[in-house]
Amino acid sequence: IASKQTEVPVLIAVDDVNTLWTNTLYRDQNDAILPASRLRLPSSFRPFFDGEKAVERGWVVGATSYKRSLFMPQELNSKLHPAPKVPVANPVLAQDPTLAKDTAEAAEANRLSFDVIALDRMSTAETWALMNFYHKVSVISTPVTDALVAKKWVTASGNPREMFNSVTSYF
């Protein structure tokens with residue numbers, strides 16, 4: 001339905017898009033691990049990232065982390081351009097042949113046109129707004145002050161994910 005929408009712009013945004021190609025923690029009736037492709041929601045998004053479907057009017061955006069990902073499925077890795085540099089640090093995952101270990105070996109012919117978007121760091125004004133939002137939705141209970149904003153902005157180097165991690169690290 002989203003791929004055929006032409007009247008209203010559509011944005012499909014998926015975080016940790018690499019998990020659409022991996023095994024889940026779910027098991028079937030025979031206690032076998034289910035791949036994500038067997039689940040309805042991942043199956044509905046995956047064609048947009050495989051290049052099988054496109055949105056007529058809008059964007060499809062997927063995010064994976066170069067820094068925090070413990071896995072990158074070979075099937076996805078061979079399609080990304082430029083290829084991400086994801087280390088396989090977990091010794092159990094390092095032995096899995098379906099996970100990418102050397103991104104230079106990916107076939108250029110199978111690559112889809114994906115762009116890496118470098119996001120600027122947040123400004124102090126944006127950090128102030130973010131901290132006020134966190135306070136309003138009860139993520140933080142302390143009042144938002146100049147000192148709090150400065151502390152969070154400096155310790156996170158303006159990175160919103162690191163700011164969130166720092167305010168929720170005691171949960």
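Kindly indicate the residue of segment 133-165 that is of a type in the set (S, T, N, Q) and closer than 11 Å to residue 122 by Cα and also surrounded by the fewest Cβ atoms within 10 Å (Cβ to Cβ) among those meeting that condition.
Pass one, segment 133-165, residues of a type in the set (S, T, N, Q): 138, 141-142, 145, 155, 157, 159, 165.
Keeping just the survivors that are closer than 11 Å to residue 122 by Cα gives 157, 159.
Numbers: 157: 10, 159: 15.
The residue in question is 157.
Can you find, within segment 16-42, the residue that is most open to solvent (accessible area, probe 1.4 Å) among those that are within 30 Å of residue 6 (Cα to Cα) and among the charged types (D, E, K, R)? Can you show your working first?
First pass over segment 16-42, keeping only residues within 30 Å of residue 6 (Cα to Cα): 16-21, 36-42.
Restricting the remaining residues to those that are among the charged types (D, E, K, R) gives 16, 38, 40.
Numbers: 16: 77, 38: 149, 40: 209 Å².
Step by step, filter segment 16-42, then rank; the result is 40.
Going through 49, 45 one at a time, which residue ends up being modelled with pLDDT of 65 or more, touching a Lys or Arg at 6+ places or on another chain (Cβ under 9 Å) and either on the phi < 0 side of the Ramachandran plot or open to solvent by 80 Å² or more (accessible area, probe 1.4 Å) (or both)? Talk me through it step by step, then tell me what you get.
Numbers: 45 fails: touching a Lys or Arg at 6+ places or on another chain (Cβ under 9 Å).
On inspection, the qualifying residue turns out to be 49.
The values are calculated or read from the model by the stated rules, or taken from the named source; none is laboratory data. A quick note: this is a predicted structure, and the numbers were derived from the prediction, not measured. Here the Cβ is made from the backbone with ideal geometry for all residues, glycine too, and neighbour counts use every protein chain on show. Surface accessibility is based on the protein's heavy atoms, side chains included, excluding ligands, DNA and RNA. Shrake-Rupley method; radii C 1.70, N 1.55, O 1.52, S 1.80 Å.
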